[in-house]
Amino acid sequence: MENSTQVKLFYIFGLQETFINKSVYFTLSLITYLLIITVNLTLIITIIQEKGLHEPMYIFLCSLCVNGLYGTAGFYPKFLLDLQSDVQVISYGGCFTQAYVIYTSVMCELSTLTVMSYDRYVAICRPLLYHNIVTSLTIRKLLLLSWCYPLFIALIALSLAVRIPLCGSRIDKLFCDIPSILKHACSPITINQILNKFVIVVHVLQILFIVFSYCQIVSTCVTSAKGRIKFTQTCVPHLITMVIFITVTLFDTLQGWNSSVNITLNMRNAMAVQFLVIPPVFNPVIYGLNLQQIRRAIFRNMAITAFCSVTPSHLVCA
């Protein structure tokens, strides 16, 4: 406590090995962020506009895309500014805000993937009871749970972290997160670690539930050709997204709380931003390309837009 100071700024040191190619990183990051915005907004707008897509699976997918935009908004704008600056700093409040946004986005991603696995389980394993189980009220409850739980837990984690006095202001990553901030704690962080272990246990239970759901789905689908086709179209994209997300998130979590892990800064940065790059791009692209209903709706809207652009202004495009 004697060496604790009132931290007003945090210094981001994750870009120290990228100074030579900052312009290249800036261009690639800007293109990636614009791609994320474009593909996610396209899918969100398509699902909202098309009444035929107002079904649970597409509603949950829309929630996944909204979360992708939310999480990346907490990273890319600041990261792009850092790539144009000689010194990478962030305010105390800005650092905790960024940590909160990214933290909630990660938890909401996993919660939404869990909800989607439950929806697919009921649809494939209990098809006759699907509309009785997955009602509009159930959808609202599941969406509320998948968003409120992460927001509430992250708020508790942030409140506990803010109360800890800090003895340093160096962030050895490309963005702020709670483990990086608490590495500079001047007092015990036992409660914070207990909360982190609780969150990990909840996430493990969610993963186990997803695994159980897909084991049941696979056992049901292998019995018929129609079931295998349905599994390939609606579940394989979900599985690909889930495996990628869980792998990179698990690595970042373990590395963040275990400072003894000895890896290079570039490798740590590459793994740390995977969940801010791959899921936001892959979710809409994989689902958009594999789900025929969404693909048709997107192409139809593109055709209507193109038709309206060449139609005389006195005609009405509908």
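Distance between the modelled labels on residue 35 and residue 271, one decimal in nanometres: 2.3 nm (7 Å Cα→Cβ projection). Take 216-226, 36-46 and order them by the average number of nearby Cβ atoms within 10 Å per residue, most first; the result is 36-46, 216-226. Can you give the net charge of the other residues whose Cβ lies under 15 Å from the Cβ of residue 96, counting K and R as +1 and D and E as -1? In short, +4.
Towards the positive end of the charge dipole of the range 37-157, with charges on Cβ (+1 Lys, Arg; -1 Asp, Glu), say which of 131, 146, 67 has the farthest Cα. Ranked along the dipole, the leading option is 131.
Straight Cα distances below 23 angstrom link residue 183 to the lysines 8, 78, 173, 197, with same-chain residues fewer than 8 positions distant left out.
Simple spin-label estimate for residue 205 and residue 240 gives 3.2 nm between the two label positions (7 Å along the Cα-to-Cβ direction from each Cα). Quantify how much of the Cα-Cα distance distribution of the range 9-310 extends past 30 Å, in percent. Cα-Cα pairs in the range 9-310 separated by more than 30 Å: 37 percent.
Rule-based calculations on the coordinates, nothing more; no lab input. Note that this is a predicted model, so its numbers are computed, not measured. Backbone-built Cβ (ideal geometry, glycine too); neighbour counts: all protein chains shown.
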